[in-house]
Amino acid sequence: MTPFDQAKDDKSPPNHARWPHLRFHLPYNQVTSTFGDDWFSLKAEAFARFFGTPKFLVGQTLVVALWVIANVTGLTKFDVYPFILLNLAFSLQSAYAAPLILLAQTRQADRDKALADADARHREDIAKSAEERQLQMAEHTAQMATLLKQNTELTEITRQLSARIEALTIEMHAKVLAGN
């Protein structure tokens, strides 16, 4: 189960601290698929997904092999060659499998669309945040340049005042020595 599914199934309020990257997915929690989210739709989709698994393919191969071996060797005679009952079973399976697979694909397409939209919103938010940070950095750089210029001016004024104090101190010292 993905964090998105867990957040969707969670009945408590959204926990942005636990999954902050899912905040863009939250508006889609209420999106229902074309076929709904009822028990039948969920089970039908799970069954359709099972059709594509190795477990199903191996299991079906074993059943068919046992079916054919049992009827060819004469262990049983319920479906002799040309295996019409087996053919009917495959037809029935495909008659149910095709709509179930289409159902699963449609539901997956709905989820993919919602997730793609949420991802696009997330990328837009990231780009917007990056742009805001660049503007803040430009403002901070301008402030730093202004402060550096002011510091340079204050340092020059301090140097001039220090030179003036030194000159006045030397002048006062000379007058005090001359008065003695």
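The values are calculated or read from the model by the stated rules, or taken from the named source; none is laboratory data. Just so you know, these numbers come straight off a predicted model, no measurement behind them. So basically every Cβ, Gly included, is an ideal-geometry build from the backbone, and we count neighbours across all protein chains shown.
Things to note:
- Single match in A118, A130 (criterion: assigned by TED's automatic domain parsing to the domain that holds F51, surrounded by 13 or more Cβ atoms within 10 Å (Cβ to Cβ) and out of contact with any strand residue (DSSP E or B) (no Cβ under 9 Å at 6 or more places or on another chain)): A118
- The set of residues in segment 49-69 being within 21 Å of L102 (Cα to Cα) and among the hydrophobic types (A, V, I, L, M, F, W, C) consists of F50, F51, F56, L57.
- Taking the listed residues T76, T169, T141, the one that is polar (S, T, N, Q), loosely packed, with under 12 Cβ neighbours inside 10 Å and not in a helix (DSSP H, G or I) is T76, with no other qualifying.
- Being more than 30 Å from S41 (Cβ to Cβ) and either within 18 Å of the chain's Cα centre (by Cα) or at pLDDT 95 or above (or both) is a description that applies to R159.
- Scope segment 102-124; condition more than 27 Å from S41 (Cβ to Cβ) and out of contact with any helix residue (DSSP H, G or I) (no Cβ under 7 Å at 6 or more places or on another chain); matching residues: R123, E124
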